[in-house]
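Structure first, then comments.
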Amino acid sequence: MTATPEPRTPDRPPADIVFDHVVKRYPGQETPAIDDLSLTVRAGETCCLVGPSGGGKTTAMKLVNRLIDFDSGDITIGGRSIRSVDVTSLRRDIGYVIQQVGLFPHMTIAANIAVIPNLLGWSGDRIRARTDELLDLVRLDRAFAKRYPAQLSGGQQQRVGLARALAVDPPVMLMDEPFGALDPITRTEIQDEFLNLESEIDKTVIFVTHDIDEAIKMGDRIAVLRQGGVLAQYGTADGLLAHPADDYVADFVGADRGLKRLSLRTMREIVAPDGLPDDGSGPSVDADASLRIGLSTLFAAGTDSVRVTDGDRVLGRVSLAQLQGAVSGSTV
Ligand SMILES: Nc1ncnc2c1ncn2[C@@H]1O[C@H](COP(=O)(O)OP(=O)(O)O)[C@@H](O)[C@H]1O
Ligand SMILES: [Mg+2]
């Protein structure tokens, strides 16, 4: 087990990322890959970019760190056009994590993490200290530093990829289906850890996924692209689930969007102090459980209300009608 890292103050504050009427056309393609994309990712937020395969997600991402050039419009980070910044320093300020991880196989984990610090001429001591700190942050034992990528599982390699992207504490992170190749259990684990880590590090993140559930879990806001790189809707998960802009978005977020909304709120949020009196009967759920868990508990027990507890305290009871009201209500 490794120690929980102390929260750190970032060297550089997070910055807004703004796409301003961006168009990208690949040579020989009839339709643009990105078509008039305008989108603001607020400083410190995670924007999940979702859409169909070929919808332009990877292209949008690569425009930001200038692996690809756009044809018109502009992209700014912290108010500065990325075209006005030297490309090397631009990329140094952007952590990039991809599904294929891309670790150098002949280099140890420590050497892989130290690639950019080395380029920046950090001292050996500073690099070693930072490597230990990063391994702690991504919950990998420090002993992994001396191993080679092939000696690690896929999930462990992905953690190293994350550590490497965080090495010089960039204010911006681009993550392209970072957990897409992992098995469901490892994936859930690493998602939870990234969420936890994100509460400690303050960064502006663009996170690409084709999985709406992952987007709902990871994103402060979700941008839905449609084929041809056109923005279909941009909003919070609850906003998209409650008010999809059109049939395409409704279809994309899923016919079970009402149930998905239940995952976004906790029992604590809807249990009213002056609600149903507790008669001590039936099942109970933790206050921090989602409404979805509450509903499931209620169904499993065959009752029409459930007791909500916080440790030893009973906060009250929530009825089926209240749960129903929480999904059908239009609180966004
Ligand atoms: N290097 C390229 N040359 C030509 N077309 C490309 C290139 N890269 C991607 N495309 C096309 O651009 C569109 C968007 O691709 P991409 O950004 O990879 O989508 P996504 O990541 O959403 O699957 C697709 O139609 C794809 O075929
Ligand atoms: Mg892609």
## Note on the structure
Neighbours of Arg292 by Cβ distance under 11 Å: Lys/Arg at +1, Asp/Glu at -1, summed charge +2
#### Entry: segment 265-328, dipole about Cα centre (Lys/Arg Cβ +1, Asp/Glu Cβ -1), debye to the nearest 20
200
### Summary
Phi-derived 3J(HN,Hα) across segment 308-321 with the Karplus relation (6.51, -1.76, 1.60, θ = phi - 60°), rounded Hz, x for Gly and Pro, is 10, 10, 10, x, 7, 7, 9, 8, x, 10, 10, 9, 4, 4
### Query
What is the sum of charges around Ala301, taking Lys and Arg as +1, Asp and Glu as -1, for the other residues whose C-beta is under 13 Å from the C-beta of Ala301?
+1
### Cα lying deepest toward the dipole's positive end in the chain, options Ser199, Ala181, Leu264, charges on Cβ
Ala181
### Summary
Computed for the chain: size of charge dipole around the Cα centre, +1 on C-beta of each Lys and Arg, -1 on C-beta of each Asp and Glu, debye to nearest 20, value 920
### Query
Ranked from highest to lowest mean number of other Cβ atoms within 10 Å per residue, what is the order of the peptides 181-189, 241-249?
241-249, 181-189
### Message
Rounded to the nearest 5, what % of DSSP beta bridges with both residues in the chain are antiparallel?
### Response
55
#### Entry: Under 30 Å from Lys57, Cα to Cα: lysines that are on another chain or at least 8 residues apart
Lys24, Lys203, Lys217, Lys260
### Query
How much of the accessible area of the chain, in percent, comes from carbon and sulfur atoms when a 1.4 Å probe is used?
50
### Query
Averaged per residue, what accessible area in Å² does the chain show with a 1.4 Å probe, protein chains only?
47
### Query
Taking the Cα centre of the chain as the origin and placing charges on Cβ (Lys, Arg +1; Asp, Glu -1), which of Val327, Thr303, Tyr96 is farthest toward the positive end of the dipole?
Tyr96
### Summary
Summed over the other residues with a beta carbon less than 14 angstrom from that of Ala232, with K and R at +1 and D and E at -1, the charge totals -2
### Message
Beyond 38 Å, how much of the Cα-Cα pair distribution for the chain remains, as a whole percent?
### Response
25
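The values are calculated or read from the model by the stated rules, or taken from the named source; none is laboratory data. Just so it is clear, the structure is predicted and the values come from calculations on it, not from any experiment. Every residue, glycine among them, receives a Cβ derived from its backbone with ideal geometry; neighbour counts consider all protein chains shown. Keep in mind that these areas ignore ligands, DNA and RNA; they rest on the heavy atoms of the full protein, side chains included. Shrake-Rupley method; radii C 1.70, N 1.55, O 1.52, S 1.80 Å.
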